[in-house]
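Asker: Handing you a structure now.
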Amino acid sequence: MRNVKLTIEYDGTNYCGWQKQNNEKTIQEEIEKAIYKAVGEVVEVIGSSRTDAGVHARGMVANFKTNATIPFDRFKYAINDKLPDDIAIIESEEVSEDFHARYDSKGKTYCYSIINRQQKPAIGRNYVYHFKWDLDIEKMREACKHFIGKHDFKAFRSLGSSVKTTERTIKELYIESEGEKINIFITADGFLYNMVRIIVGTLLKVGRGKIPVEDIEKIILLGDRKKAGPCVPAQGLILEKVYY
């Protein structure tokens, strides 16, 4: 069997996330249907991450096994021809037969985008979170430092998934801002369910003065979900890159 690695870009607005679900439209299902139309095989596409409904990706990675004889670098053209316009295969390449997009991942980078102004956005509204209250960006940047490193992040996850451990290592967490646009980048070896969106919600509370910067360490140590910020909406989140 040949093992094909895909790098995928998608707009998650009209989908119920990555993973296949009964009677719901998902990214995984659309790609599997496109592969069937392209090569005539029923395959399982394994994704590196199970993004939620409304979440987008610039660099989702997936793999599937096939007997099709198409050159590896041509799979992207064959599959793209059968995909809807809001999903695109950016790259297709050969990988070893034991490569697994999810289990072999060493980490991921996400970006969460915010429009900070009074008026709601019309253009690009599906890719940003509209936050109308004033923010102290420097306090948010100071708070970012307390998340860096290996910690138990159980205070920053939603219930709904089972994991062996809630410890994760955040390698980078920083904020870029220009005018009304704020981008929060976070890189870690792995993420708990809704972890990025809850960290962003916590940073926003810091920016509003609702959570003191020095309380971040306490929240992490206590592990109490109620002490952290809210889970912000999905549409501002983009999976930027997966590392192997």
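Asker: Could you tell me whether residue 210 is modelled with pLDDT of 95 or more, surrounded by fewer than 14 Cβ atoms within 10 Å (Cβ to Cβ) and at negative phi?
Answerer: yes
Asker: Starting from residues that are among the aliphatic types (A, V, I, L, M) and part of a strand (DSSP E or B), keep the ones in segment 40-59 and report whichever is least open to solvent (accessible area, probe 1.4 Å). Write out each step before concluding.
Answerer: We begin by selecting, within segment 40-59, every residue among the aliphatic types (A, V, I, L, M); these are 42-43, 45-46, 53, 55, 57.
Then keep just the ones that are part of a strand (DSSP E or B); that gives 46, 57.
Values: 46: 43, 57: 3 Å².
That would be 57.
Each row is one residue, and each column tells you yes or no for (1) within 14 Å of the chain's Cα centre (by Cα); (2) assigned to a strand (DSSP E or B); (3) surrounded by 15 or more Cβ atoms within 10 Å (Cβ to Cβ); (4) modelled with pLDDT under 95.
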| position | (1), (2), (3), (4) |
| --- | --- |
| 163 | no, no, no, yes |
| 169 | no, yes, no, no |
| 173 | no, yes, yes, no |
| 182 | no, yes, yes, no |
| 199 | yes, no, yes, no |
| 202 | no, no, yes, no |
| 230 | no, no, no, no |
| 235 | yes, no, yes, no |
| 241 | yes, yes, yes, no |
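Asker: Can you report the number of residues in segment 60-92 which are outside any helix (DSSP H, G or I) and either open to solvent by less than 10 Å² (accessible area, probe 1.4 Å) or hydrophobic (A, V, I, L, M, F, W, C) (or both)? Walk me through how you get there before you give the answer.
Answerer: So in segment 60-92, the residues outside any helix (DSSP H, G or I) come out as 60-71, 81-92.
Adding the requirement that they be either open to solvent by less than 10 Å² (accessible area, probe 1.4 Å) or hydrophobic (A, V, I, L, M, F, W, C) (or both) leaves 60-64, 66, 68, 70, 83, 87-90, 92.
Number of matching residues: 14.
Asker: I'd like to know if segment 138-151 contains one or more residues that are open to solvent by less than 60 Å² (accessible area, probe 1.4 Å), in contact (Cβ under 8 Å) with a residue 12 or more places away in the chain and of a type in the set (Lys, Arg).
Answerer: no
Asker: For segment 148-161, enumerate the residues that are at pLDDT below 95 and either part of a strand (DSSP E or B) or at positive phi (or both).
Answerer: Once the filter is applied, which keeps residues that are at pLDDT below 95 and either part of a strand (DSSP E or B) or at positive phi (or both), segment 148-161 yields only 160.
Asker: List every residue pair whose Cβ atoms lie under 6 Å apart, where the two residues are 6 or more positions apart in sequence or sit on different chains, the first residue falls within segment 108-129 and is in contact (Cβ under 8 Å) with a residue 12 or more places away in the chain and among the small types (Gly, Ala, Ser), and the second residue, located anywhere, is assigned to a loop (DSSP other than H, G, I, E, B) and open to solvent by less than 20 Å² (accessible area, probe 1.4 Å).
Answerer: Hits for this filter: 113/128.
The values are calculated or read from the model by the stated rules, or taken from the named source; none is laboratory data. Worth saying up front: this structure is predicted, and the values here are computed from it rather than measured. A quick note on method: Cβ atoms are made from the backbone with ideal geometry, for glycine too, and the neighbour counts reach across all protein chains shown. In case anyone asks, the SASA skips ligands and DNA or RNA and just uses the protein heavy atoms, side chains included. Shrake-Rupley method; radii C 1.70, N 1.55, O 1.52, S 1.80 Å.
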